[in-house]
Amino acid sequence: MNALVSFILVCILLFIPWIGVSVLGLKILFGIVIPYACFLVFVIGLIYKIIYWARSPVPYKIPATCGQQKSLPWVRRTLKDRIESPFYTWEVILRMFLEIVFFRSLFRNLRADLSGKRLIYGSAKWLWLGAILFHWSFFIILLRHLRLFTNPVPVFIQKLDYIDSFIQSLGVPPLYITDILILAGLIFLLLRRFFDPKVSYLSYGSDFFPLFLILGIVISGILMRYYIKVDVYGVKQLTLGLATLNPTIPEGAKIGTIFYIHLFLVSSLAAYFPFSKLVHMIGIFFSPTRNMANNNRAVRHVNPWEYPVKHLTYAEFQERFKEVMEQAGIPIDEEVKPEKHEWQSWYILEKK
Amino acid sequence: MSLPKPEELIQDVELHKTPEKHWMDIKPELKKGYYLSIIDPKILEELDLPNMGKWQPYDEKWPLPENWKDIVREEILRRMEKHRSFKLFMDICVRCGACADKCHFFLGTGDPKNMPVLRAELIRSIIKGEFSTFGKIFGKFAGARRLTEDVIKEWFYYFYQCSECRRCSIFCPYGIDTAEVTIMMREILLKLGIGTDWGLKPVHNSYYIGNHVGIPPHTLKENLEFLMSDFYEITGIQVDVSKYLNRKGAEILYVPMSGDYFADPGIYTMMGILALFHYLDLDVTLSAFASEGGNFGYFNSLEMAKRLHSKIYEEARRLKVKWILGGECGHKWRLWHQYHNTWFGPIDFLEIPKSPITGTVFEHAKDSKLVHICEFTADLIAHNKLNLDPSRNDHLIVTFHDSCNPSRAMGFFEEPRFILKHVCNNFVEMPENTIKEKTFCCGSGSGLNAGENMEIRMRGGFPRANAVEYVHKNFGVNTLVCICAIDRAVLTSLMQYWVPEVSVAGVHELVANALVFPGEKERTTDLRYRPLKGKEGNV
Ligand code: SF4
Ligand code: SF4
């Protein structure tokens, strides 16, 4: 049901440029205005999110540790320990690198099954594989697209394009490997949401929506490249114009509605990105359980809003138990004097 | 309340089947044996906390304060402002489900709301539904819902079915820590006046008397004397307890947990630790006031945790010690390691800890001045300072339970293992996916170790017990060693239920079994009066 609504939403998104361009001829709107507007929303939205998170302080140093701490000199710490229980900054950086680039934590994934009265845990790397395929392909495809926004195209992008399309034999134009892999990844992630009972149970419509949307983008892109050919030269004129802030709709070029559909879906994704769960891409950098060092006892972390709290003092304690302590022969502290200490509580502070 | 038999308890658990209805449409049904009782309002008052009068969770209508919605909304926003973790975790979950079957409460109940992701959704959905326009328009489609009284019941029910163990967080690709969410949510509930009896009575005791179980100073001394008189009977070694209590000018302050001088089997660990102090002739003292290293405050709010633990550094200052040594405890070490110097620092009135026996400087604790007793003992063994006879633990086949907090908030894996391998000859690890960072909770952590919620405890502890059962059946393991005072108490009940042949011990109980004192009499039993291997006839 949720999935269906998401699917319909994406279909609606698909029809908007179709009608807009092929019926109403609003090429400037769909080729220039909307992409610019959405890109702006994307950038401003992301900056807003970053500031929004950064505004809240990190009061405590709370890394989640998955390896041996640094303690006594003779306690051996392997490279794994250093990365998963980082003490030094470079170890933290390495940990973050592995998380962001190789999805380290997801690689840990297990699957629990109950067989009779026994729990068994199997390795479950499929989710990791699907996620890696999808994210990496997406990233490479994005890089590849830079050739549409640069002139001359940097050698690096040319090389990437060349490597990605090394399967030459299947016809002209050559097939991109990432096109296949991203489809595989997406379909896996989608099927999982449909058929894994737990994942399906906890999925909202808003979890299906981006999957369908990206699927729409990928499929429209593939169609454009292999089936409904568009005038590549015209497209490049348009995209280069966008990139150089000199936007034009090339005269007479047969760009084709499919291109506008592709562009519109990409724009929608960009605009949707900062306000949805997709911000996890930026959020991971902020995650305090991953980006902090496990050196708490050696290096003090300061909480900007820490305040003294109300507590019982030893003087009050001794006053209450003096007699029994004396009887039991427990030393009494004669020097201690009752003292008043300043304190705050969440009630007092929060009333302000 | 009687529990079903072990083989029946988890029969209803289905890990791969989910209810027909969407979770938002399932009304919370508070099952007996799953939730804790509510605290007496008087205790709340004496702790300067709000209360809702006398009531219990099974009451149809909860006496929420009139402006409860405002309170809740305000408290949520405040916590997002103060804790980046909470704010971030509310935004970035993609519902990938990697955490779903990592929670022991899910594995023991099959209840989808015990999947960490849905536990967090219980609040995430409210934030979307109450504060986001997007969420208000799209509602359930976007995972948003409105705040109702049922939501409060649900929060109480499920945030007290999370033991803040952080197992889910290490599997999450973004490090979303449901324990952090639970901490925030319990704080918010407490702001309404919802607090548990089992969670707050110890707080009250610890605040006014010094320790969770409310043992006054003279009884503390008596208990310790009693322990050491047993020790004398077993070993012939006389330990004078009085020099270990409230002695000003000692070099080290040792902070125990009340569980260790209050009840079996914790007392054997305490016995072992005092024996070790005596063996080393260590210049160490306990404080009758700072007689609790554990901190139930933490299971209610961070502020309450800080209020309880203030006394530790203050006692260290008053007693003029140089540094602090902490006993075997789980959540205490999360606080001591991750919070203490932020709360109370800079700790400039103490010195960088240095072992007076080996000369080792504990560089890794140079700021907080807090050393774990296992670090201390491991260092002694590494420097060959202890005369150990591991064969005196030959009647035990040992496995080690990594407590959640030292594992996932500290990375404390090798020190206790190093000790164990030197004090006993039979050591077996549990299956790889149930130890170290992937360790399973005892099922009763974070203040859930009461009697009225025994069913959820036995269910939540099932994955742990299951792994113990495996090594018991395959390797004959009969002793489960742990470094946590709550564990020593609750794993004992857990084992009695699931694997009754296995008993629970602390690391230093085994250390003292193996420790050869000069001039001791020939030992025929361990600290629990159980015959040593080959000495069965002598008892
Ligand atoms: S693993 Fe993390 S991102 Fe995935 S569902 Fe759980 S909390 Fe959300
Ligand atoms: S912190 Fe532990 S108990 Fe809580 S949801 Fe995560 S795995 Fe479950």
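Laboratory data are not the source of any read-out in this text; all were calculated from the coordinates shown. Please read all numbers here as calculations on a predicted model, not as lab measurements. Positions of Cβ are backbone-derived with ideal geometry, glycine not excepted, and every protein chain shown enters the neighbour counts.
Against the conditions (1) away from ligand 1 (no atom under 16 Å from the Cβ); (2) within 12 Å of another protein chain (Cβ to nearest Cβ), B:His212 satisfies every one except (2).
Output yes when any residue across region B:183-206 is within 10 Å of ligand 1 (Cβ to nearest atom) and either free of Cβ contacts under 8 Å to residues at least 24 places away in the same chain or polar (S, T, N, Q) (or both), and no when none is. Checked against the condition, which is being within 10 Å of ligand 1 (Cβ to nearest atom) and either free of Cβ contacts under 8 Å to residues at least 24 places away in the same chain or polar (S, T, N, Q) (or both), region B:183-206 yields no hits at all.
The criterion of at least 2 residues that are within 16 Å of ligand 1 (Cβ to nearest atom) and under 30 Å from B:Glu7 (Cβ atoms) is met by the following helices (runs of 4 or more DSSP H) wholly inside region B:36-146: B:104-109, B:116-131. Of the residues that make up region A:93-109, is at least one at the interface with chain B (Cβ under 8 Å from one of its Cβ atoms), in a helix (DSSP H, G or I) and closer than 30 Å to B:Glu469 by Cα? Taking every residue of region A:93-109 in turn, at least one turns out to be at the interface with chain B (Cβ under 8 Å from one of its Cβ atoms), in a helix (DSSP H, G or I) and closer than 30 Å to B:Glu469 by Cα.
Does A:Gly329 qualify as being more than 28 Å from the chain's Cα centre (by Cα), within 9 Å of chain B (Cβ to nearest Cβ) and small (Gly, Ala, Ser)? Let's see the steps before the verdict.
Working: more than 28 Å from the chain's Cα centre (by Cα): yes; within 9 Å of chain B (Cβ to nearest Cβ): yes; small (Gly, Ala, Ser): yes.
Spelling it out, A:Gly329 is indeed more than 28 Å from the chain's Cα centre (by Cα), within 9 Å of chain B (Cβ to nearest Cβ) and small (Gly, Ala, Ser).
Looking across region B:147-181, just one residue is assigned to a loop (DSSP other than H, G, I, E, B) and out of contact with any helix residue (DSSP H, G or I) (no Cβ under 8 Å at 6 or more places or on another chain), and that is B:Thr148.
Against the condition surrounded by fewer than 21 Cβ atoms within 10 Å (Cβ to Cβ), in a helix (DSSP H, G or I) and in contact with a Phe, Trp or Tyr (Cβ under 7 Å, 6 or more places away or on another chain), how does B:Asn205 come out, does it pass? The answer is no for B:Asn205.
When region A:130-142 is examined, which residues are found to be buried (at least 16 other Cβ atoms within 10 Å of the Cβ) and of a type in the set (A, V, I, L, M)? Within region A:130-142, A:Ala131, A:Ile132, A:Leu133, A:Ile140, A:Ile141 qualify. Screening A:Tyr260, A:Tyr314 for residues that are hydroxyl-bearing (Ser, Thr, Tyr), in contact with a helix residue (DSSP H, G or I) (Cβ under 7 Å, 6 or more places away or on another chain) and touching a residue at least 60 places away in the same chain (Cβ under 8 Å) leaves exactly one candidate, A:Tyr260.
Quick grid of which residues meet (1) within 16 Å of ligand 1 (Cβ to nearest atom); (2) assigned to a helix (DSSP H, G or I); (3) more than 13 Å from every other protein chain (Cβ to nearest Cβ); (4) touching a Phe, Trp or Tyr at 6+ places or on another chain (Cβ under 9 Å):
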{"site": "A:Leu213", "(1), (2), (3), (4)": "no, yes, yes, yes"}
{"site": "A:Ile217", "(1), (2), (3), (4)": "no, yes, yes, no"}
{"site": "A:Arg225", "(1), (2), (3), (4)": "no, yes, yes, yes"}
{"site": "A:Lys229", "(1), (2), (3), (4)": "no, no, yes, no"}
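Taking helices (runs of 4 or more DSSP H) as the structural unit, those lying wholly within region B:253-352 and holding at least 1 residues that are hydroxyl-bearing (Ser, Thr, Tyr) correspond to B:266-280, B:302-318, B:340-344. Tallying residues that are buried (at least 24 other Cβ atoms within 10 Å of the Cβ) and closer than 20 Å to B:Cys165 by Cβ within region B:283-303 yields 8. In region B:92-118, the residues that are closer than 18 Å to A:Asp113 by Cβ and within 7 Å of another protein chain (Cβ to nearest Cβ) form Cβ pairs under 6 Å with partners that are within 11 Å of ligand 2 (Cβ to nearest atom) and assigned to a loop (DSSP other than H, G, I, E, B), at six or more places apart or across chains, as follows: B:Ala100/B:Met115.
If I filter region B:407-414 for residues that are over 19 Å from the mean Cα position of the chain (by Cα), crowded, with 19+ Cβ neighbours inside 10 Å and among the hydrophobic types (A, V, I, L, M, F, W, C), do I get at least one hit? No, the conditions are met nowhere in region B:407-414. For region B:293-302, the criterion of a residue being over 16 Å from the mean Cα position of the chain (by Cα) and touching a residue at least 40 places away in the same chain (Cβ under 8 Å) is satisfied by no position. When A:Met281 is tested against (1) within 16 Å of ligand 1 (Cβ to nearest atom); (2) free of Cβ contacts under 8 Å to residues at least 12 places away in the same chain; (3) at the interface with another protein chain (Cβ under 7 Å from one of its Cβ atoms), just one condition goes unmet, and that condition is (3). Picking from residues in region B:161-177 that are near ligand 1 (Cβ under 8 Å from one of its atoms) and either β-branched (Val, Ile, Thr) or more than 7 Å from chain A (Cβ to nearest Cβ) (or both), the one that is farthest from the chain's Cα centre (by Cα) is B:Ile176. Restricting to region A:293-325, name every residue that is touching a Leu at 6+ places or on another chain (Cβ under 7 Å) and facing chain B (nearest Cβ under 7 Å). The answer is A:Arg297, and nothing else.
Residue by residue, here is whether (1) surrounded by fewer than 19 Cβ atoms within 10 Å (Cβ to Cβ); (2) within 12 Å of chain A (Cβ to nearest Cβ) holds:
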| residue | (1), (2) |
| --- | --- |
| B:Thr434 | no, yes |
| B:Phe440 | no, yes |
| B:Gly445 | no, no |
| B:Gly451 | yes, no |
| B:Met458 | no, no |
| B:Arg464 | no, yes |
| B:Glu469 | no, yes |
| B:His472 | no, no |
| B:Phe475 | yes, no |
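Residues in region B:501-513 that are surrounded by fewer than 24 Cβ atoms within 10 Å (Cβ to Cβ) and in contact with a Leu (Cβ under 8 Å, 6 or more places away or on another chain): B:Val502, B:Ser503.
Of all helices (runs of 4 or more DSSP H) completely enclosed by region B:427-539, which ones contain at least 3 residues that are more than 28 Å from B:Cys162 (Cβ to Cβ)? Walk me through how you get there before you give the answer.
Values: elements: B:454-460, B:462-475, B:485-498, B:507-514.
Result: B:462-475, B:507-514.
Among the residues of region A:38-92, those identified as more than 7 Å from every other protein chain (Cβ to nearest Cβ) and part of a loop (DSSP other than H, G, I, E, B) are A:Pro63, A:Pro73, A:Arg76, A:Arg77, A:Thr78, A:Pro86, A:Phe87, A:Tyr88. Apart from one condition, B:Lys61 fits all of (1) within 12 Å of chain A (Cβ to nearest Cβ); (2) surrounded by fewer than 13 Cβ atoms within 10 Å (Cβ to Cβ); the exception is (1).
Residues in region B:308-320 that are facing chain A (nearest Cβ under 9 Å), surrounded by fewer than 24 Cβ atoms within 10 Å (Cβ to Cβ), touching a strand residue (DSSP E or B) at 6+ places or on another chain (Cβ under 9 Å) and not aliphatic (A, V, I, L, M): B:Ser310 alone.
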